[in-house]
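Worksheet: one structure, shown below.
The values are calculated or read from the model by the stated rules, or taken from the named source; none is laboratory data. This one's a predicted model, so the numbers in the text were calculated from it and none came from an experiment. All Cβ positions, glycine included, derive from the backbone under ideal geometry; neighbour counts span all protein chains shown. Note: accessible area is taken over every heavy atom of the protein model, side chains too, but ligands, DNA and RNA are not part of it. Shrake-Rupley method; radii C 1.70, N 1.55, O 1.52, S 1.80 Å.
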Amino acid sequence: MHPRTRLRVGVLASGRGSNLQALIDAGQKADFPAEVVLVLSDKKNSYALERASMVGIRSIHLSPKEDDFYRKLGDEIENFETDLICCAGFIRILPPEFVSRFSGRIINIHPSLLPSFPGLHAQKKALDAGVTVTGCTVHFVDEGVDTGPIILQAAVPVLPYDDEETLSERILVYEHRIYPLAVRLIAEGSVHCVDGVVLYSGNVHQGSSGFISPVTE
Ligand code: GRF
């Protein structure tokens, strides 16, 4: 695929950027229909910015203390002719004017099976609730906190002696799989969001490879 025919992805990140890395790695494969062209962070020392710089992707820090922070963020995204915005550990709640400016073009990854455990510390909330299955979700961003239409989910077992760290690590492996997959589906035109409903086409179908945890047989 010629690079110019690929979907142009902008990533918003505040932290270590491992999901960003998964998107960068996917984009470096010749047959992947999208590429990260811009990384924006509200944190100057975000490792996500470094990951981008290391591979020659434009990385920009914008201080949230600046006036018109979200307008400037949006302007940078438009300057780079970004088709899709991926939130990857971006710790801010996007305001309604930003969400409507890029309506249907912002997605997020969250470390739980939404609508369970939205917001911060999703893995701890899952442990505290005593669930035996949790997971991760890629969804379109709307004006709520982790409430937008769901694109993809992966189920991950909670094991008996898990703590927040071990569970987070297990979920993260699946985050790194489903985030590039969701971007691929959007880039290929297999996923659309119409009036808040996610529609699938092409090769997308319900798989039969789900699992029940704990295993009893
Ligand atoms: C991930 O668990 C993601 O689901 C959540 O924040 C974390 C970001 O991790 N929204 P990283 O910065 O991508 O490593």
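For the chain, list log₁₀ I(q)/I(0) at each q in 0.12 Å⁻¹, using the Debye formula over Cα point scatterers of equal strength and ignoring solvent, two decimals each.
For the requested q values the scattering log ratios are -0.63.
Using 0.36 nm per residue of separation minus the Cα-Cα distance, give me the extension gain between VAL145 and SER116 in nm, one decimal. Don't skip to the end; give the middle numbers.
Numbers: separation 29, 0.36 × 29 = 10.44 nm, distance 1.18 nm.
Full extension of this stretch gives 9.3 nm more.
Rounded to the nearest 10 Å², what accessible area does LYS125 show when all protein chains are kept and the probe is 1.4 Å?
Here the accessible area works out near 80 Å².
Sorting check: for 158-167, 136-145, which peptide has the highest mean count of neighbouring beta carbons within 10 Å, and how do the rest follow? Don't skip to the end; give the middle numbers.
On the way: 158-167: 13.1, 136-145: 21.2.
Highest to lowest by the protection proxy: 136-145, 158-167.
Using helices alone, what [θ] at 222 nm do you get for the chain, with -39,500 (n - 2.57) per DSSP H run of 4 or more residues, divided over all residues and rounded to the nearest 500? If you can, show how the numbers build up before the last one.
Numbers: 6 runs with 67 residues, N = 217.
It comes out at -9500 deg cm²/dmol, rounded to the nearest 500.
If packing is taken as the mean number of other Cβ atoms within 10 Å per residue, what is the order of 49-55, 106-112, highest first?
Working: 49-55: 16.9, 106-112: 23.7.
Order by mean packing, descending: 106-112, 49-55.
DSSP H helices in the chain with Cα extent of 18 Å or more along the helix axis and mean Kyte-Doolittle hydropathy at least -0.5?
164-187
To the nearest Å, what is the center-to-center distance of region 25-40 and region 85-122, using C-alpha atoms only?
Each part reduced to its Cα centre gives a spacing of 20 Å.
For region 1-133, what is the charge dipole size about the Cα centre, in debye to the nearest 20, if Lys and Arg each add +1 at the Cβ and Asp and Glu each add -1 at the Cβ?
Values: 17 positive and 15 negative charges, 54 e Å.
That gives region 1-133 a dipole magnitude of about 260 debye.
For an R0 of 25 angstrom, estimate the FRET efficiency from the Cβ-Cβ distance between VAL194 and PHE80 and round to the nearest 0.05.
Details: r = 26 Å, r/R0 = 1.05.
So, using R0 = 25 Å, E works out to roughly 0.45.
About the Cα centre of region 91-168, how large is the charge dipole given +1 on each Lys and Arg Cβ and -1 on each Asp and Glu Cβ? Please answer in debye to the nearest 20. List each step's numbers first, then the result.
Details: 5 positive and 9 negative charges, 57 e Å.
Dipole magnitude for region 91-168 comes out near 280 debye.
Modelling each spin label as a point 7 Å along the Cα-to-Cβ direction, I'd like the ASP128/LEU159 distance in nm, to one decimal.
Each label point lies 7 Å from its Cα, and together they span 2.4 nm.
How long, wide and thick is region 55-167, going by the Cα atoms along their three principal axes, in whole angstroms, largest first?
48, 27, 27
Take the alpha-carbon centre of region 133-171, take the same for region 173-202, and report the distance between them in whole Å.
Centre-to-centre distance over Cα atoms comes out at 16 Å.
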